[in-house]
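Colleague: Structure provided below as structure tokens; questions to follow.
The values are calculated or read from the model by the stated rules, or taken from the named source; none is laboratory data. For clarity, every value in this text was computed on a predicted model and none was experimentally measured. Here the Cβ positions follow ideal geometry from the backbone for every residue, glycine too, while neighbour counts run over all protein chains shown.
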Amino acid sequence: MSNPPSTRDSLLARLGRPSDERAWQEFMEIYGPLVYRLARRRGFQHADADDLCQEVFQATAKSIERWRQRPDRGSFRAWLFQIARNVMINTLRHRQRHPGGVGGSEIKRLLDQQPADDQESRLLAVEYERHLFQWAAEAVKKEFRQATWQAFWQTGVEGRKSSDVAKELDISVGAVYIARSRVMARLRAKIEEVEGKQ
């Protein structure tokens, strides 16, 4: 996934309906860990990062329809991470005005770190791709026999030679290639269910 696909419009439309629990669950499974890691990377403690995730998703729920209607909107992911950054900055500014937790110099350091840069955007994109792959792999793994999954995982993820894996699993090299191809196709389909085609 060298160019990560954009978030599927139908999922975003369903997020506009707060009663669509399945859409929100899917959304939070994919984006929750990313927002959490972003907060942790920016110096937030575990409990604060959890609270921040909730605030980010509440803000997203309140403004998703307005964002969808904007003709000049950018990517959903960039918009979501901008919301996360804004919530972090507001949280830190609130702490600065109402001290009692983190020290003043620590808050200043954290505030200074908040502006987005290209390197952070690239890191978030890579992290997003990694998390999306892990999510999809977990979702489809149970659809395959153990040997099929292992043939895919050991050659496609771990980078082992097909001949070594075939010998270990007591299957032909051709069966390894077929297994890897079947699992890869299913993973692509699962990711497209969430992300759609670019």
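Colleague: Please verify whether the stretch 38-45 includes one or more residues that are surrounded by fewer than 19 Cβ atoms within 10 Å (Cβ to Cβ), among the basic types (Lys, Arg) and touching a residue at least 40 places away in the same chain (Cβ under 8 Å).
Modeller: Checking the stretch 38-45: not a single residue is surrounded by fewer than 19 Cβ atoms within 10 Å (Cβ to Cβ), among the basic types (Lys, Arg) and touching a residue at least 40 places away in the same chain (Cβ under 8 Å).
Colleague: Can you pull out the helices (runs of 4 or more DSSP H) entirely within the stretch 139-198 that have at least 1 residues that are basic (Lys, Arg) and either touching a helix residue (DSSP H, G or I) at 6+ places or on another chain (Cβ under 8 Å) or over 26 Å from GLU26 (Cα atoms) (or both)?
Modeller: 162-169, 173-195
For (1) acidic (Asp, Glu); (2) farther than 16 Å from GLU138 by Cα, each residue gets a yes or a no:
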| residue | (1), (2) |
| --- | --- |
| GLN154 | no, no |
| VAL157 | no, no |
| SER163 | no, yes |
| GLU168 | yes, yes |
| VAL173 | no, yes |
| VAL176 | no, yes |
| ARG180 | no, no |
| ALA185 | no, no |
| LYS190 | no, no |
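Colleague: On to the next question. So, in the stretch 1-41, of the ones that are outside any helix (DSSP H, G or I) and of a type in the set (S, T, N, Q), which residue ends up modelled with the lowest pLDDT? Before the answer, list the steps.
Modeller: The first filter runs over the stretch 1-41 and keeps only residues outside any helix (DSSP H, G or I), leaving 1-8, 16-20.
From the residues that got through so far, the ones that are of a type in the set (S, T, N, Q) too are 2-3, 6-7, 19.
Numbers: SER2: 39, ASN3: 42, SER6: 47, THR7: 56, SER19: 73.
Once the filter is applied, the top-ranked residue is SER2.
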